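The structure under discussion appears below in the form of structure tokens.
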Amino acid sequence: MTDLFPRGIAKGKAFYDRTKERKQLKKNIENSIHTVLIAPRRYGKTSLMTQVLYENKIDYIWIDFMTITDRNDVRLKLLQKISTVAVKMAPTTDKLKSLVTKYFGNLKPELTFRLPGIELKFNTQLSNPQAAMTNTNYHDEIIEALISLDNLATELKRRIVVVCDEFQEVLRIDHNATLQGSLRHAVERAQQITYLFSGSSPQALRCMFNGKENPLYALCDCFYLDKIDSVEYRDFINQAAIEKWGAPLTEEVLNQILSYSDRYPRYVNALCGTIWANGMQPTAALVEELWHAYVLSKKTDITEDLSELTLNQRRLLQRLCGNAIDEIYGKDTLAMLDMPQSSIQKAVAALLEKGFIIEENGVYKVLDPILISYFSMF
Ligand SMILES: Nc1ncnc2c1ncn2[C@@H]1O[C@H](COP(=O)(O)OP(=O)(O)OP(=O)(O)O)[C@@H](O)[C@H]1O
Ligand SMILES: [Mg+2]
């Protein structure tokens, strides 16, 4: 059942519908509409992109900015991924040789034949090491690598996607926005590459892609991902229940799964995974027991997350776990929290920035249902 309710990225049979979103993303990719996929953490951005690329057999390179520590790292990862995708896309070894010589000749490509296949390596020494400290070098080479990849895809008449996941992390290594400037340069010139940016900090991404003063301004379609609809979940879970127990789940049990997990696919999968592994046809009591056990198994992660917060931030979070608050600076809230307005303002800003809470139409609420359960248990 872990196949059907995976803990990791969901694809294939384990992927719940998201029909509308898949269609839209596919259309954007095919029509060179560069897209920024925005949603809070764990809404399923990575899974959605993976599924669309997988089911449409689209070649791609994937850069996870969470694993990037400086600009040179971007260049190195890019070259490494480009070499892999070039090997995959070229129809024959001779074609591969001619393509890489034509488009990546500067990087002195080396082809080696090693099981399970061919390996392509580029010379990753900077062409002008003396200038490396200025960063111009990295940028020129990043632009050149992306444009060469686009030329290669154009010659092969193939669509290719460049995914920049966890893209809000670029802000940590790109204080003067020059890397974003280089990306703009490459994106604007792309013919066969569609760029997908994705990240979990709506504020930062909105600012990067919608802020007039920023290099990536007005470059992409903004695609806001909502939570998966409960109807889609119900159909999927009940189908799996019929296969397992010969009958759908009771309404009570279904509602409980969707309410504990707050319709986060990660938690729906975790909870259903343990219910299915348990084997007994679930009752409300069993679901409650399994959910509490799951929350407890996350205690270390939760404590680590909470330890990063100041006491004021924790106090506000605790209150918000009890209830969403609309008038966050209203008299009642000030009295309830027993904190001055300026401290609440600071705590709200920090919790928003760290992704603990969101604000929707003036209402502030905690994002992670695990935290809500944790605070209610202890
Ligand atoms: N459509 C889906 N069908 C089935 N499971 C899904 C779906 N979307 C997400 N999941 C599950 O939820 C988990 C979290 O999804 P994913 O990693 O794609 O979210 P994310 O928005 O990229 O999160 P983060 O911001 O933390 O990177 C996945 O590991 C997967 O198990
Ligand atoms: Mg992700």
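The values are calculated or read from the model by the stated rules, or taken from the named source; none is laboratory data. Just so you know, these numbers come straight off a predicted model, no measurement behind them. Neighbour counts run over all protein chains shown; Cβ positions are idealised from the backbone, glycine included. Side chains included, ligands, DNA and RNA excluded: accessible areas come from the protein's heavy atoms. Shrake-Rupley method; radii C 1.70, N 1.55, O 1.52, S 1.80 Å.
Yes/no per residue for (1) open to solvent by 30 Å² or more (accessible area, probe 1.4 Å); (2) in a helix (DSSP H, G or I):
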residue: Ile9; (1), (2): yes, no
residue: Leu25; (1), (2): no, yes
residue: Pro40; (1), (2): no, no
residue: Leu48; (1), (2): no, yes
residue: Ser83; (1), (2): no, yes
residue: Ala86; (1), (2): no, yes
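Restricting the range 299-330 to residues that are in a loop (DSSP other than H, G, I, E, B) and open to solvent by 20 Å² or more (accessible area, probe 1.4 Å), which is farthest from Tyr364 (Cα to Cα)? Looking at the filtered set, the residue picked out is Glu308. Reported count of residues in the range 55-81, each being assigned to a helix (DSSP H, G or I), buried (at least 17 other Cβ atoms within 10 Å of the Cβ) and within 16 Å of ligand 2 (Cβ to nearest atom), is 1. Checking the stated criteria, Val52 turns out to be open to solvent by less than 20 Å² (accessible area, probe 1.4 Å) and in a helix (DSSP H, G or I). The single residue among Leu254, Leu306, Leu225, Leu258 that is under 23 Å from Phe65 (Cα atoms) and among the aliphatic types (A, V, I, L, M) turns out to be Leu225. Criterion first (surrounded by 20 or more Cβ atoms within 10 Å (Cβ to Cβ) and within 16 Å of the chain's Cα centre (by Cα)) does Ser198 satisfy it? Answer is yes for this residue.
Comparison of Leu286, Leu290, Leu249 shows that the only residue that is at pLDDT 95 or above, outside any helix (DSSP H, G or I) and open to solvent by 10 Å² or more (accessible area, probe 1.4 Å) is Leu249.
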